[in-house]
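Input: a single structure, listed below in structure tokens.
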């Protein structure tokens, strides 16, 4: 296959973004259409890659390699495997639905979409990177647009604070990981940043144990690991809808994924040594995140903390170091990505009309927007791990893996599931059912057709993967196998 | 035809869901269209299950109409369906009651499409539990059955009534009931899930047939990664056993896990109560028979005494509670507790007496239990249907508000009498057969319990008669004078199959018992 | 190192200097002879001239494989000289372009003439191989710069800045000269490349040597504005005409680094252990002080001043690494930094021309007033912060890599922490530009053609160096070979 599929996927957004910048600022419709076209293109390409990938062959496919900075052994090396391909697809889905949801942005949509696309390119770039320097390069590209997107188009009350906090946290995390990466580069003696080569580098146990925390925690900050999760809820809430969708849906997976690719796969001994700690912290994520979500009165904060909780499950899956747990973690990254994008889209639709996110002040929305309610319920059921939805398909193997690794953790984490059910039902009941407050009666318009498409796509995917797991599970399992092999088989 | 027969179970399982999708796409305003489409759609699984019944070979060992396909390879779970004598009976019950429930829902006005779609979805969930031969699949369908019922109670349940919850806050009764239902059942399901995971971990597969093969020979401990704790296989089995028991006990419900039932049954819409009492309760008992007994003969044996005690308590206390009710629907609800107690008693006897000399009696007991599952499905559905009929016209369920209604609704009265007798266990009707078999089977095994449960039988009879008296006999309550309370044609059509079956089984039970028996014989060696 | 007698190729080696002298003369002549109308075009003449000299140097100024001392050992024609000359000429050209729109200086012939002479001094600094030559070059640079800093006679701040710069500069110069004289005194040598052996032979006690080193470092630290000789920077940068600020922060600093690197590595390799330790401390202090003090700034020029102090700290990391790659990373960083800073100041000048303000708060709403300009500022700020795909990111990575390679992981971490602090204030500027509103949003900011050229060139350069950094890194590595 000579067509540089992955390169086109990575660079389409940023090129589109630059082209969009050339459109005059007042022509908002043209800008939106151009953005949608670009996002659709990205989605189709990533879907195409997903379908064309040869599952029986496994391993890294669509590989391309060019020398980039030969003086340091840095190359432009791209490829996808079972773990990264679903995430590439996820990014395509989220950028597409995100553009649909952002149709109503009226203040400088040109800059908004341009920055959003820079972000998308960065994310795509990380997922397909097979070179350590390249991974960092794209990782950082995905960080700074967040600042502008949140600070400029976000929720007025906290946007500046949240944007700065988020950017600083993520930047420091990535730089700490970068130093770890440099240490790996120089210690390996191989003179290359190529991930595949570094996987076979054979670092000493002491080296791995020392550097794993830097690399892992540096990236896991973006994954929202406790106690470095603090930036996440504020960031989620302050961001405009599409950015929240991207943030929780894709960006947090970026952190977890990078932690996997660079931490677990390059420093397996270190991973093994530190896994009890990660298990412990991730468990705190799951349970604490759920508890805090329970007591929130702001609709968006509930979802924000729910993200922290679900990302805990991803990292639990990683820390099990076995095939089931890793498969589950990979599936959970995809499933939660779609689910949380759906949640934030719904929150956006509600807030745009009600101009409040205060749960006690909301109610009865299912009468005005039944489809939105159904979509939210689908997302809620998926988030609870209800069978028939992708959440169950993802959480089940994680728990299987936890049983093998550390049963006590499985029991405690199960508690998180129960609390999740409780807060989801609570929010659903309060916001969508019950009685609509008098002052809102008659002022709430229905969702737009574009909202419906976006929500429909997201909900449909949650059901599809839930009912027919063979669409995704074997693919992720093959990726997990590769990781397990590097971990020394477990 | 060939295709039909080889994929019969999948067709039965998925037609309701497909139907639900179709229903959701119908135009909202056309209520008549929605109702009739749903009804016809729900008749398809019924027709298919009749086909299934006729082609089912009772004498053949093992599971029939098996279907196996790849589903979730990564965790070694497959799409595996199959029926035996017990499950084919339950499938028939489910596919029979659903159309009737839909037929009775003609008066629903609000969000009709969603209502109908949820019912169909519910049907798939229940059928899936009965048809699944893979533990994970079993669990998936178990859970799928939960959500539609929650929404049915929450959104279309009885509009009046409030309950007070912690903190003095008042919530509508249906919200309270649905939430309680959900939480109780989910709590049980959680244990079920963990147990299934443990079994899956230990045996490396979720396929029921493979597990049954390997289970007894399983001796290695469940080792854990890098930690000095290993769970011996005995502990794994024990934990899984108790988790199963709790989950199923909540569903049946076994006393003392029954407290969700009266509220859920009472607040649910009529059709919802029909299905709830008619089928959903049977899921728990089915779980005992399908999973607990075959996999845990030893543990079940030691636990059987406790189970029998709890069953007896359910029988007696359910009956007494029923006696004390003023709410007609609640009266019937508690009688369900009572009737299901017999089912559990039969199962307990089987658990105790498997492989012993009293095995023959155990067989009779389980035959009775399974038949009771079927029968109670019929009679409870019928009773709730009739309560609903009356409620639709009078808008009250309080027995004291009734009185002397027989002249105003003679046909209704007749049908009510008939169904009540079936529920009560009048010889000649189905209830008698099953209860007799249970008592006959358990008497040699758990004599004391059986004797005590006779009291329950007595009290149940009394409470049902009391109910009848307060509704039909006595002086006419002036409130209803001049009103037309008669049952209408549609409702009669809904009741007819139930009544016919009640009579048929009561007079000639062989056609169904023989099917059950052959399977039970294999279950109880 | 053999000191060759005069050979014709040596003229080619100092082609830039000769041409600069010619250009300076031309400018002064035009200024004296031409009328007022002529004067307007002096800027154009200067920048064009500098651009041509740049091209000429690129074409002819490349050193041979054998990097030799020329003119009796006064200069060394090597890659360091070459690379820094290019850098300095580029910086000077852009500065001239930027000066063309600044009313107070644009029509003054002395201004451009002095600028060219300062450039001349800097190119000599970059290629000096002898203590005396070095001192001469430094003074040739500094004295015009003192004047240029205080050029706007009517502006108190400018005069103050010129005065401060002069006093501070003269003082540190004197100290440095004292150090030079001691070096000569103890060894009898002035040629940098023979000093090392001579020092070895003289058996000077390490303490004494360190003392001399300290004296010399005073002068160099002043030039690069490293702590604790950075105090002049904020006031001078703020007061001077902004193009001169740009020039100071880029060219002058770069030249200072060229000298620092060359002298340290050529003359004092023996006590490398102690001076790297000292410089490491200086680097940490410089980064930290620069970043922390920048946080509180409300004036963009002061902010950029402190920011440039901080960046000097990052560059020092490269030197402290004491490896060829470290030197390469240093050169690369300066390359990225020069281009970025020129871009930043270009925006500042343009804005000040139309809005008349240098306060950060007045930049509010710039993104609506002049989206293109705001974007240029975005590129500059993010490159300074170290974000990909811009030059600043790669520069920081290389510098940290050099540190890690030499085992100075702790220094890399300090750099990382400082980068975070830096990010904060760069983002704050962007926040003001993009988020805050103001009543002046409908007034556009005019961008004359020379500025547009400068802006576009710098933006493209920043992006190019950031994404396809291979060739630039190669150039830097080649440059480093002349130090090691």
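Derivation of every value follows stated rules applied to the coordinates shown; laboratory data play no part. Note that this is a predicted model, so its numbers are computed, not measured. Cβ placement follows ideal geometry from the backbone for every residue including glycine, while neighbour counts extend to all protein chains displayed.
Can you put B:242, B:508, A:68 in order, fewest other beta carbons within 10 Å first?
B:508, B:242, A:68
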Revision key, fill the gap. Kirkwood radius from Cα pairs of the range C:286-484 plugged into Stokes-Einstein at 20 °C, 1.002 mPa s, gives D in µm²/s equal to 126
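Using only the alpha carbons of the range A:59-200, what is the convex hull's orientation-averaged projected area in square nanometres? Write down the numbers at each step before the final one.
Values: hull surface 38.7 nm².
Over every viewing direction, the Cα hull of the range A:59-200 projects on average to 9.7 nm².
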Point to revise | Separation in nanometres of the label points that stand 7 Å from Cα toward Cβ, at residue C:7 and residue C:153 | key: 5.0
Practice item. Name the shape class, rounded, prolate or oblate, that the alpha-carbon gyration tensor gives for the range B:296-518, where a ≥ b ≥ c are the square roots of its eigenvalues, rounded holds for a/c under 1.5, and otherwise prolate holds if a/b is larger than b/c and oblate otherwise. Key: prolate
Practice item. With both partners inside the protein assembly as shown, how many of the DSSP beta bridges are antiparallel, as a percent to the nearest 5? Key: 95
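Between residue A:445 and residue A:71, what length comes free when the chain is fully extended (0.36 nm per residue of separation minus the Cα-Cα distance, one decimal in nm)?
On the way: separation 374, 0.36 × 374 = 134.64 nm, distance 5.98 nm.
Contour length minus the Cα-Cα distance gives 128.7 nm.
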Revision key, fill the gap. Here the whole-number average of other chain Cβ atoms within 10 Å per Cβ of A:396-406 is 5
Revision key, fill the gap. If R0 = 51 Å, then residue B:455 and residue B:29, at their Cβ-Cβ distance, give a FRET efficiency to the nearest 0.05 of 0.40
Check your understanding: Of A:159, C:437, how do they rank once you tally other Cβ atoms within 10 Å and put the fewest first?
Key -> C:437, A:159
Review point. Residue A:107 label point, 7 Å along Cα→Cβ, cut-off 11 Å on backbone N: hits in the range A:153-171?
Key: A:153-157, A:159-160
**Study point:** Rounded Å value of the spacing that divides the Cα centres of the range C:402-454 and the range A:291-333
**Key:** 35
**Study point:** Whole-angstrom gap from the range A:157-206 to the range A:439-477, using each part's C-alpha centre
**Key:** 35
Revision key, fill the gap. The distance between the Cα centres of the range B:247-295 and the range C:182-199, in whole Å, is 99
Practice item. Just grab the label-to-label distance for residue C:65 and residue C:48, each label 7 Å out from Cα along the Cβ direction, in nm (one decimal). Key: 4.1
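Suppose a student asked you for the relative contact order of chain C, using Cα pairs under 8 Å spaced at least 6 residues apart; what percent would you report?
Details: 828 pairs, mean separation 71.4, N = 484.
For chain C, the relative contact order is 15 percent.
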Check your understanding: Taking 0.36 nm per intervening residue step and subtracting the Cα-Cα distance, what contour gain separates residue B:73 from residue B:440 on full extension?
Key -> 127.5 nm
Revision key, fill the gap. Ranked on Cβ counts within 10 Å of their own Cβ, fewest leading, A:112, C:345 go A:112, C:345
Check your understanding: Suppose R0 equals 35 Å; then what is the FRET efficiency for residue A:470 and residue B:47 from their Cβ-Cβ distance, rounded to the nearest 0.05?
Key -> 0.70
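Could you please tell me the mean projected area of the C-alpha convex hull for the range B:366-453, averaged over all directions and given in square nanometres to one decimal? Intermediate results must be reported in sequence, preceding the final value.
Details: hull surface 27.3 nm².
That works out to 6.8 nm², a quarter of the Cα hull's surface.
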Check your understanding: Hey, any idea what the orientation-averaged projected area of the convex hull of the range A:5-486's Cα atoms comes to, in nm²?
Key -> 20.1
**Study point:** Dmax and Rg, reported as Rg then Dmax, of the protein assembly as shown (C-alpha, Å)
**Key:** 40.8, 138
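For the pair residue B:521 and residue B:7, what calculated FRET efficiency results from E = 1/(1 + (r/R0)^6), where r is the Cβ-Cβ distance and R0 = 25 Å, to the nearest 0.05? Before the final figure, lay out the partial values.
Numbers: r = 29 Å, r/R0 = 1.15.
The pair residue B:7/residue B:521 has a calculated efficiency of 0.30.
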Check your understanding: What angle, in degrees between 0 and 90 and rounded to the nearest 10, separates the Cα long axis of helix C:449-467 from the longest principal axis of the Cα atoms of chain C?
Key -> 60
Study note, to complete from the structure: Between the modelled labels at residue C:452 and residue C:21 (7 Å from Cα along Cα→Cβ) the distance in nm is 3.9
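Taking square-rooted eigenvalues a ≥ b ≥ c of the alpha carbon gyration tensor, is chain B rounded, prolate or oblate, where a/c under 1.5 means rounded and, failing that, a/b exceeding b/c means prolate?
Working: a/c = 1.58, a/b = 1.36, b/c = 1.16.
Here chain B falls in the prolate category.
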Practice item. Just need log10 I(q)/I(0) for the range C:323-425 at q = 0.15, 0.21 Å⁻¹, Debye formula, equal scatterers on the alpha-carbon atoms, no solvent, rounded to two decimals. Key: -0.67, -1.04
**Study point:** Under 17 Å from the residue B:488 label point (7 Å along Cα→beta-carbon), backbone N, the range B:269-295
**Key:** B:270-271
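Averaging sequence separations of C-alpha pairs under 8 Å and six or more residues apart, then dividing by the length of the range A:116-178, give the relative contact order as a whole percent. Mind dumping the intermediate values first?
Working: 57 pairs, mean separation 18.9, N = 63.
30 percent.
What percent does the relative contact order of chain B come to when contacts are Cα pairs within less than 8 Å and at least six residues apart?
Values: 905 pairs, mean separation 76.2, N = 525.
The normalised contact order for chain B reaches 15 percent.
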Study note, to complete from the structure: Per the C-alpha gyration tensor (a ≥ b ≥ c, the square roots of its eigenvalues), the range A:406-490 is rounded if a/c is under 1.5, else prolate if a/b beats b/c, else oblate; here it's oblate
Practice item. Could you list the residues of the range C:445-480 with an amide nitrogen less than 16 Å from a label point located 7 Å from the Cα of residue A:26 in the Cα-to-C-beta direction? Key: none
